[in-house]
Amino acid sequence: MSLGRLVDLRPGKRDKHASRTLRTLPVRSSRAPGGSQRPPSLRARRRKARILVALGALLLFSGLVYAVSWASYLPYVSVHSIVVVGAKEVPANMIQRQAETVLNDGSRHFFSRTNIFIYPRAVIEKSIESFFPRIESAHISRASLLATVVTVAVKEREAFAMWCSSVAACYVMDDAGFIFAELPPGVSGGAATPYVFHGSVESANPVGHTFATGHLPGLVALLELLEQAGSGPQGIAVENAQDFQIAFTEGFGVKASFGQDASTLAKNLELLLSSDALRGKAGNIEYIDLRFDNRVYYKLKGEREVAE
């Protein structure tokens, strides 16, 4: 039986022997026999293949996007002309020019802005409506899928009543109270009602603003009830967010508040004007105050206020 190699464990001897042993250990080489490098592992080859596939897909996608961008500028898929229908007071050529300005904004977009499939229809519609206050709505369409002619159908606002400022400049507004055009001096503007309204709008240029938002239908109903009762209402001046005053042809005014029932106001005024205190004195009345439910105040010209 042969003995294995002995290791001297005495101090100073063990380290020396170990160092000699370590120096004799073989060094593992990454090269294959014959001096050539070991081929890359399967995982590395797969990673490289995935990178190449991703780069190829990216190049292919970029090419397709560029091709679509180029195709979007082709003449046969571009808007050639804009036709305006429904315009009366607003010149059709001005509406057409506004649409063309929005369509051709002067910038080179990646996809053509005039392409018939992606042109900014909603943006053009809103631009026309905001640029021309007289136009209530604009609708853009094309006759067919490949049509290159765009049709802009507009609906203009109808004059419903007049609104006049404190400096005697008058404007026309629609039945929602939207003020959309100034009137030349002495021109009524073809309003549907004879009434004239004041106040509520505090602007040097009231065009584009709304008179008494949400209250106009109720005010008009009140004026019509007063007229049916035999009075001569001319219009209404809004004094603040709560109160307004009705002007009458007889020269006096009636104070009231938003939210009051129109039929009740008309009835109370009729009863007061037919009472012993005011019967036949309409021309001497300065004002009547109907803002309070349980009391009525009135004032004759040159006299003090009286409560009923």
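The values are calculated or read from the model by the stated rules, or taken from the named source; none is laboratory data. Owing to the predicted nature of the structure, the values given are computational and were not obtained by experimental measurement. Every residue, glycine among them, receives a Cβ derived from its backbone with ideal geometry; neighbour counts consider all protein chains shown.
Suppose we filter segment 161-174 for residues that are over 21 Å from the mean Cα position of the chain (by Cα) and not in a loop (DSSP other than H, G, I, E, B); how many remain?
Counting residues in segment 161-174 that are over 21 Å from the mean Cα position of the chain (by Cα) and not in a loop (DSSP other than H, G, I, E, B) gives 7.
Of everything in segment 148-164, what is among the small types (Gly, Ala, Ser) and buried (at least 18 other Cβ atoms within 10 Å of the Cβ)? Give them in sequence order. Break it down into steps so the answer makes sense when it comes.
Residues of segment 148-164 that are among the small types (Gly, Ala, Ser), as a first pass: 153, 159, 161.
Listed by number, the residues that qualify are Ala159, Ala161.
When you look at Asp175, is it surrounded by 15 or more Cβ atoms within 10 Å (Cβ to Cβ) and modelled with pLDDT under 95, yes or no? Spell out the reasoning first.
On the way: surrounded by 15 or more Cβ atoms within 10 Å (Cβ to Cβ): yes; modelled with pLDDT under 95: yes.
Criteria met by Asp175.
Restricting the search to segment 149-166, which residues are among the β-branched types (Val, Ile, Thr) and at pLDDT below 95? Give the derivation first.
Taking segment 149-166 first, the residues among the β-branched types (Val, Ile, Thr) are 149-152, 154.
The answer is none; no residue qualifies.
Condition check: more than 30 Å from Tyr76 (Cα to Cα) and at pLDDT 95 or above. Does Pro184 satisfy that? Don't jump to the end; show me each part of the working.
Numbers: more than 30 Å from Tyr76 (Cα to Cα): yes; at pLDDT 95 or above: no.
No.
Quick check on segment 90-105: of everything there that is under 24 Å from the mean Cα position of the chain (by Cα) and outside any helix (DSSP H, G or I), which residue is modelled with the highest pLDDT?
That would be Val90.
Within segment 151-194, can you find the residues that are β-branched (Val, Ile, Thr) and farther than 24 Å from Val85 by Cβ? So that I can check it myself, show each step before the final result.
So the first thing to find is which residues in segment 151-194 are β-branched (Val, Ile, Thr), and the list is 151-152, 154, 167, 172, 179, 187, 193.
Passing the criteria: Val167, Ile179, Val187, Thr193.
Just checking, which of Arg142, Arg157, Arg121 is among the basic types (Lys, Arg) and in contact with a Phe, Trp or Tyr (Cβ under 9 Å, 6 or more places away or on another chain)? Quick ask: steps written out before the conclusion?
Values: Arg142 fails: in contact with a Phe, Trp or Tyr (Cβ under 9 Å, 6 or more places away or on another chain); Arg121 fails: in contact with a Phe, Trp or Tyr (Cβ under 9 Å, 6 or more places away or on another chain).
Among Arg142, Arg157, Arg121, only Arg157 is among the basic types (Lys, Arg) and in contact with a Phe, Trp or Tyr (Cβ under 9 Å, 6 or more places away or on another chain).
Can you pull out every residue in segment 175-197 that is under 20 Å from the mean Cα position of the chain (by Cα) and in a loop (DSSP other than H, G, I, E, B)? Before the answer, list the steps.
Step one: filter segment 175-197 for residues under 20 Å from the mean Cα position of the chain (by Cα), giving 176-180.
Once the filter is applied, which keeps residues that are under 20 Å from the mean Cα position of the chain (by Cα) and in a loop (DSSP other than H, G, I, E, B), segment 175-197 yields Ala176, Gly177.
Looking for something over 33 Å from the mean Cα position of the chain (by Cα) and outside any helix (DSSP H, G or I) - is there at least one such residue anywhere in segment 49-58? Talk me through it step by step, then tell me what you get.
Looking only at segment 49-58, we keep the residues that are over 33 Å from the mean Cα position of the chain (by Cα), and these are 49-58.
With the extra rule that they be outside any helix (DSSP H, G or I), the set shrinks to none.
For segment 49-58, residues over 33 Å from the mean Cα position of the chain (by Cα) and outside any helix (DSSP H, G or I): absent.
Assess whether Phe132 counts as being aromatic (Phe, Trp, Tyr) and under 24 Å from Phe180 (Cβ atoms).
Details: aromatic (Phe, Trp, Tyr): yes; under 24 Å from Phe180 (Cβ atoms): yes.
So Phe132 fits the description; yes.
Select, from Ser127, Ser112, the only residue that is surrounded by 14 or more Cβ atoms within 10 Å (Cβ to Cβ), free of Cβ contacts under 8 Å to residues at least 60 places away in the same chain and within 24 Å of the chain's Cα centre (by Cα).
Ser127
Can you find a residue that is surrounded by 10 or more Cβ atoms within 10 Å (Cβ to Cβ), closer than 30 Å to Arg134 by Cβ, touching a strand residue (DSSP E or B) at 6+ places or on another chain (Cβ under 7 Å) and without any contact (Cβ under 8 Å) to a residue 40 or more places away in the chain anywhere in segment 67-87?
Step one: filter segment 67-87 for residues surrounded by 10 or more Cβ atoms within 10 Å (Cβ to Cβ), giving 67-74, 77-87.
From what's left, closer than 30 Å to Arg134 by Cβ: 79-87.
Narrowing further to those that are touching a strand residue (DSSP E or B) at 6+ places or on another chain (Cβ under 7 Å): 79-87.
Among the residues that remain, those that are also without any contact (Cβ under 8 Å) to a residue 40 or more places away in the chain are: none.
Taking every residue of segment 67-87 in turn, none turns out to be surrounded by 10 or more Cβ atoms within 10 Å (Cβ to Cβ), closer than 30 Å to Arg134 by Cβ, touching a strand residue (DSSP E or B) at 6+ places or on another chain (Cβ under 7 Å) and without any contact (Cβ under 8 Å) to a residue 40 or more places away in the chain.
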